[in-house]
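The values are calculated or read from the model by the stated rules, or taken from the named source; none is laboratory data. From a predicted model like this one, the values you see are computed outputs, not experimental measurements. When we count neighbours, we look across all protein chains shown, and the Cβ atoms used for this are built from the backbone with ideal geometry, even at glycine. Quick note on the areas: whole protein, heavy atoms, side chains included, nothing else; ligands and nucleic acids left out. Shrake-Rupley method; radii C 1.70, N 1.55, O 1.52, S 1.80 Å.
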Amino acid sequence: MVGYRWQTAGHVALTAESVAILDRLPDWTSVGDLRDRLTPGGDIADAADLLRLLHSLGLVERDGDAPSNAEWMEWSPAAAFFHFSTKNGRFPADFGQRDRELVEKAALHPQPEPTKRVEGSRTPLVNTVPLEGTLQTALTERRTWRRFSKQPVPAAALATVLDRTFRVQARGRVAGQGEVVVKTSPSGGSRHPIEAYVLAWNVEGLNAGAYHYDGATHELVDLRRPVSAADIPDLLAHQTYFLGAGAAVIMCPVFARTMWRYGHSRAYRTVLIDAGHLGQTFCLTAVALGLAPFTTMAFSESKLEALLGLDGVLECPIYVAGVGMPDAGAGASPGRWHAVGG
Ligand SMILES: Cc1cc2nc3c(=O)[nH]c(=O)nc-3n(C[C@H](O)[C@H](O)[C@H](O)COP(=O)(O)O)c2cc1C
């Protein structure tokens, strides 16, 4: 028997009639079952043709299709719909275009205030326990860099950033459930779903290429895929300024780790927030080592998946953090488009 079920990842314009047919495929459905649901006693060949058409449009999944979107069933429809329908954003070839549009928008609709002021009695806070040392410096000096020197990133510094951000720090067990790992950032349910893949194009002591970072052994595994600075704008949504950096880490959740513990859509939020934690740890560590970090959400999931050999359903890019060497002349504007204090 060939079974079909509805799929979540397609972008296709549908007629109301086709939606009504998809509505009759809530779970694995045979051709005969569909025929009976549509026109009891009708022609089985018509139902088979219909399913073949829906399958060719990517609207239904056939039993045995790989990778299987059935893995997302528990996070369907809310999280699955959000995740797949927001994949591969459309980014303008000229990345400055959006800012020029926003200048026009600001003239008509000024942006909301960046801070909130609540009326009421106020208690001035005094930092009687000031933070000092490396953490204080890293917190104060962290900026998103878009101006880099041509110097390569030392492999040893990149290794420390990977170690402090993505390496397993310790292992534990949850009674009756199994092993968990802990890292420097918190993770919902200690599921640590996010794998790190490194694209290196200007790292001293490391061949340009794509690597998987093994957080258990602190090793880079060469994926044997060519990467050069020229590939970066295409992968990172035309953001040409990042090709001056030396390496980028593509954070890719293995969703099953979080889904195993949390079988409801809301847990998708923990995956996104986990990525944010890792991004900040990455940036602070990089700054503490004198590197120039950046993070970006503007990238092509599909192109990165193809490069890294990921299926895009069970594991896919969700956030990118990178490093270069700071441009000493960047002054108060290492991120180009706003001057701090300006
Ligand atoms: C979730 C997230 C997504 C971001 N995406 C981009 C991006 O696509 N491109 C980019 O140049 N910067 C990106 N940034 C960096 C922000 O633009 C930057 O943090 C912001 O301008 C504040 O500047 P600062 O990081 O120097 O304090 C992103 C930051 C975050 C937290």
Which condition number in (1) among the aliphatic types (A, V, I, L, M); (2) modelled with pLDDT of 90 or more; (3) buried (at least 16 other Cβ atoms within 10 Å of the Cβ) is the one that Ala106 fails? (3)
Only one of these conditions is not met by Thr128: (1) at pLDDT below 95; (2) in the same structural domain as Ala216 (by TED's automatic domain parsing). Which number is it? (2)
Gly244 being among the small types (Gly, Ala, Ser) and within 14 Å of the ligand (Cβ to nearest atom): yes
Find the residue count for the stretch 315-332, including only residues that are over 21 Å from Leu199 (Cβ atoms) and surrounded by 16 or more Cβ atoms within 10 Å (Cβ to Cβ). 1
How many residues does the stretch 168-183 contain that are touching a strand residue (DSSP E or B) at 6+ places or on another chain (Cβ under 9 Å), open to solvent by less than 40 Å² (accessible area, probe 1.4 Å) and assigned to a strand (DSSP E or B)? 3
If you check Thr165 against the conditions, is it open to solvent by less than 60 Å² (accessible area, probe 1.4 Å), outside any loop (DSSP other than H, G, I, E, B), touching a Phe, Trp or Tyr at 6+ places or on another chain (Cβ under 7 Å) and within 16 Å of the ligand (Cβ to nearest atom)? yes
Please go through the stretch 68-90 and pick out each residue that is free of Cβ contacts under 8 Å to residues at least 24 places away in the same chain and part of a loop (DSSP other than H, G, I, E, B). Thr86, Arg90
Which of the residues spanning the stretch 137-161 are open to solvent by less than 60 Å² (accessible area, probe 1.4 Å) and hydroxyl-bearing (Ser, Thr, Tyr)? Thr144, Ser149, Thr160
Identify all residues within the stretch 287-298 that are within 9 Å of the ligand (Cβ to nearest atom), among the hydrophobic types (A, V, I, L, M, F, W, C) and in contact with a helix residue (DSSP H, G or I) (Cβ under 7 Å, 6 or more places away or on another chain); write none if there are none. Phe294
Residues of the stretch 313-329 classified as within 11 Å of the ligand (Cβ to nearest atom) and farther than 24 Å from Val254 by Cβ, total: 0
Taking strands (runs of 3 or more DSSP E) that fall entirely within the stretch 184-301, which contain at least 2 residues that are open to solvent by less than 60 Å² (accessible area, probe 1.4 Å) and over 30 Å from Ala330 (Cα atoms)? 194-200, 209-214, 247-253
Within the stretch 204-230, restricting attention to residues that are charged (D, E, K, R) and more than 22 Å from Asp327 (Cβ to Cβ), which residue is nearest to the ligand (Cβ to nearest atom)? Arg225
Given the conditions (1) more than 16 Å from the ligand (Cβ to nearest atom); (2) surrounded by 11 or more Cβ atoms within 10 Å (Cβ to Cβ); (3) more than 24 Å from the chain's Cα centre (by Cα); (4) not polar (S, T, N, Q), report the number of the one that Val118 does not fulfil. (2)
Report the residue count in the stretch 17-67 for those that are free of Cβ contacts under 8 Å to residues at least 40 places away in the same chain, among the charged types (D, E, K, R) and within 21 Å of Asp311 (Cβ to Cβ). 1
Candidates Leu284, Leu304, Leu310, filtered to the one that is touching a helix residue (DSSP H, G or I) at 6+ places or on another chain (Cβ under 8 Å), of a type in the set (A, V, I, L, M, F, W, C), within 12 Å of the ligand (Cβ to nearest atom) and at pLDDT 95 or above: Leu284
When (1) over 19 Å from Leu22 (Cα atoms); (2) in contact (Cβ under 8 Å) with a residue 24 or more places away in the chain; (3) open to solvent by less than 50 Å² (accessible area, probe 1.4 Å) are applied to Gly96, the one that fails is (2)
Which residue pairs have Cβ atoms under 6 Å apart, sit 6 or more places apart or on different chains, and have a first residue in the stretch 143-156 that is part of a loop (DSSP other than H, G, I, E, B) and a second that is open to solvent by 40 Å² or more (accessible area, probe 1.4 Å) and away from the ligand (no atom under 16 Å from the Cβ)? Pro152/Asn202; Pro152/Glu204
